[in-house]
Every structure is written in C-alpha cells, then in structure tokens.
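Every number here is computed from the coordinates shown, using simple stated rules; none is lab data. The shown structure was predicted, so the numbers you read here are calculated from the model rather than taken from an experiment. Note that we place each Cβ from the backbone using ideal geometry, even for glycine, and neighbour counts take in every protein chain shown.
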C-alpha cells in the first residue's frame with residue numbers, strides 16, 4: 001500500500017492540461033499495479049483518447065435531464081492520473097556525497113544493497129529526479145486536495161443555483177473562485193477558475209447584478225475561449241447572457257507590468273505577456289495574472305482594471321526550498337537545509353524513503369556514514385558508520401551499513417552531512433600538509449635564514465655599540 005505525495009498534471013503538446021479535471025474522492029492509499037489493471041500502456045496516448053473521444057453527456061444524479069454536464073471524461077481522467085501516480089510511487093532514493101572519483105562506486109554499491117533487501121524501485125540520483133519532477137510541474141498531494149475542494153465548491157454552488165438558492169449559490173461560487181486564485185499557477189487551474197467565474201456570472205445575472213455578471217463572464221471567456229456554452233449544459237437564459245457578453249466589445253488601454261525580480265515571465269488571462277517589464281493592451285474589467293521566475297514562488301492573483309489603471313506591480317516571494325534543491329547537498333550542509341532537501345526529495349521524487357550517504361576516510365581507511373530517512377517531515381535513523389580496508393570492500397560495507405540503518409528507529413532529523421565524523425575529517429584533510437615532517441623541516445630552515453637576515457639588516461642600520469670600561473677594571 002503506497003501513499004501518494006505528489007501528482008504531475010498531464011499536458012498536451014501545446015502545453016495545456018488535457019481536459020477539465022475534476023477530482024472527486026480522495027484516494028491517499030492505493031495498491032501498486034493499478035495502471036496495469038486498467039490496461040494502460042502509453043499513459044499520455046490513453047488519456048488523450050479518453051478526453052478526445054469521450055463526448056457523452058450524463059445528467060447529475062438528482063437533477064432533471066435539462067441540467068446536463070460532461071461528467072465522465074473528467075472522472076476517467078482523474079482515475080488515470082491517480083493510477084499513473086501509483087505506477088511510479090514508492091521505492092527508495094539515494095543522496096550520495098562523495099569525492100568525484102568514488103561517487104559512482106559508492107552509489108552502485110548502495111543501490112545493490114537496497115535491491116538485495118527487497119527495494120523495487122531505486123532512484124540512484126534522487127536529487128536529480130526531484131529537480132526533474134519540479135520542472136515537470138509536480139505538486140504535493142495537499143495542493144491537489146485544495147484543487148478538489150474548489151471543484152466541490154463549484155458543484156455545491158451550481159446545485160444551489162438550480163434549487164433557486166441564489167445567495168447560497170453566489171457564496172459557494174465566489175468562495176470557489178477566491179480559493180482557485182491562489183492555485184492559478186497550476187496547470188489546469190485557469191480552466192477551473194473560468195468555470196467558477198462563468199457560473200458565478202450566471203448567478204449574478206439572476207440576482208440582477210448586470211455589471212458584475214458581465215465582468216465575471218467576460219473573464220471566463222478570456223480564460224477558456226474554446227469552451228462551448230450550449231443548452232446541453234446551461235439554460236437558454238444563461239446561453240443568451242453569455243452570447244450578449246461575447247457581442248459587447250470592451251475598451252482597452254495600455255498597462256505597464258513590472259515585477260520584483262525583474263525578468264519574470266507573465267501570463268494574463270492565460271495568454272503569454274512576455275517578460276517584465278512589459279507593456280500590454282488590456283480591456284477594462286476583471287483579469288488574472290500569473291508571474292514566474294526561477295527560485296521564486298509563482299505569483300498569481302485576480303485584479304480589476306479600469307481606464308485609470310496604468311501600472312501593475314508584481315512582487316514574487318523567494319522560494320527557499322527550490323533554491324536549496326537547486327544548490328544540492330555537500331559535506332557541511334546545515335541540518336536545516338538537509339531537512340528541507342530531504343523533505344522535498346521525498347515528496348517530488350515520490351519515494352517511500354531516502355538514504356543519505358557520505359563517503360569519507362577515518363582511522364586511515366575509507367568509511368561510509370549513512371542515514372535512512374522517511375516520513376513528512378522526514379525522520380531518520382541514527383548515523384551508521386562502517387569502515388572498510390580499501391575501496392574493493394565498498395559493496396560489502398554498503399550492505400552491512402544498510403542492514404544496520406534499516407533496523408534502526410527513525411527518530412532523528414537528517415544530520416549526517418553535518419556530522420563531526422565527516423566535517424572534522426574534511427578539515428583534517430585540508431591540513432594534511434600541516435603534519436608533514438618534510439614541510440616543517442623546510443619551514444624551520446626558512447625561519448632561521450629569515451631571522452639571520454633580519455638581524456643583519458637591523459645591525460647594519462644601527463651604530464655599533466660602545467663598551468665603557470671603568471678605572472678599577474682588571475683583566
């Protein structure tokens with residue numbers, strides 16, 4: 001049984017998420033092999049087939065046949081996403097810190113040790129896998145729970161609308177849109193935000209708030225312009241309202257967009273606006289903006305624009321975890337940074353456990369220091385130290401060290417890279433020359449020569465001393 005920690009939202013070749021994804025029941029625990037049970041081979045091709053060819057519409061249970069929504073495509077899409085997650089979930093990863101010439105042998109030895117003890121999936125460079133997953137758009141499962149909650153609020157609001165509970169409907173849909181705002185940087189979220197905005201606009205129109213309804217529907221159309229608005233899904237009144245918004249042009253004017261840091265990539269209403277600083281042409285009304293910069297959290301928010309708005313300033317927050325993940329690990333890395341990196345690697349590389357390995361020298365021979373870590377936040381075994389006679393014994397040493405670490409309780413934070421047995425040796429290695437007798441003999445000779453030279457120079461610059469002898473002096 002494997003608990004999921006992250007989800008990668010699929011994209012089509014154009015970069016957009018495939019379909020409108022609506023997450024339903026949370027399934028934090030799944031059994032391995034679910035994808036095989038569904039008979040899936042190429043996940044991307046299967047998902048495209050589901051979303052392109054699945055056009056049947058079904059009524060929501062408990063609603064009349066006039067309230068139709070395209071339900072089964074998102075449900076199957078979510079099932080495929082959950083299944084794909086399980087296909088790659090679990091396993092163990094290695095974070096190896098060793099001299100360059102020793103690292104391949106140490107990594108291979110530790111990987112063999114883990115396989116010998118039954119690990120199915122081994123990420124030999126777990127840090128690289130985590131970085132790749134982050135670039136691919138992997139997000140923690142906790143974020144996907146928020147995604148699902150937005151979908152639930154939209155559904156609750158639309159049910160209230162059809163029960164003629166208009167204020168309740170407005171509240172649910174407004175809350176859904178507010179919650180979706182913080183998630184706009186996620187693939188697929190602009191489409192979900194557009195759905196909330198469209199339905200909110202329909203409710204506002206029924207409440208007689210024409211201007212607000214126009215702005216909400218116009219934003220929905222900007223974010224998801226290809227969505228069909230038909231009587232299969234909406235009432236004739238809603239379809240007519242949407243058609244009226246489409247037909248009504250809005251005045252535009254130029255807005256200067258800046259960011260801190262400068263050079264962030266910006267999209268407005270789902271369209272690329274270039275890098276900051278930039279000047280864009282925008283219509284009056286509601287918009288959403290997303291800005292991204294390396295090692296900064298994505299910036300996402302909704303804003304209202306009128307003819308007096310001339311500047312839009314965006315302030316991105318530094319992503320310390322992303323920066324530490326990019327920097328990686330080395331001997332001497334602080335416990336705080338080790339904790340950040342191990343937690344991120346476990347989540348993004350989707351691993352059950354991580355083994356942090358440091359190769360060093362102690363007592364005149366090679367030594368392995370390792371910790372086994374798991375959980376969120378990660379907790380680790382005590383540091384296991386195992387020395388061996390020479391490099392040919394690394395495989396046996398790795399197996400024995402892993403056996404000890406696997407049997408130990410996970411009670412400590414990651415700390416092996418700041419362990420005095422590792423850091424102290426580094427300092428000692430830096431000063432090996434300091435213990436060389438040849439070096440010290442040379443230093444002694446140089447010091448004596450320098451002292452004589454200094455005395456000679458000093459003597460030549462002073463008058464010779466004068467010795468005075470008194471009258472009672474005898475030889």
Inset, instruction - Could you sort 124-132, 267-275 so that the peptide with the highest average Cβ count within 10 Å comes first and the rest follow in order? - result: 124-132, 267-275
Legend entry - Sorted peptide list for 239-246, 211-218, criterion being average Cβ within 10 angstrom, highest first: 211-218, 239-246
Inset, instruction - Let me have the relative contact order for the range 252-315, percent, based on Cα pairs under 8 Å that are six or more residues apart. - result: 39 percent
Legend entry - Orientation-averaged projected area, Cα convex hull of the range 252-315 (nm²): 3.6 nm²
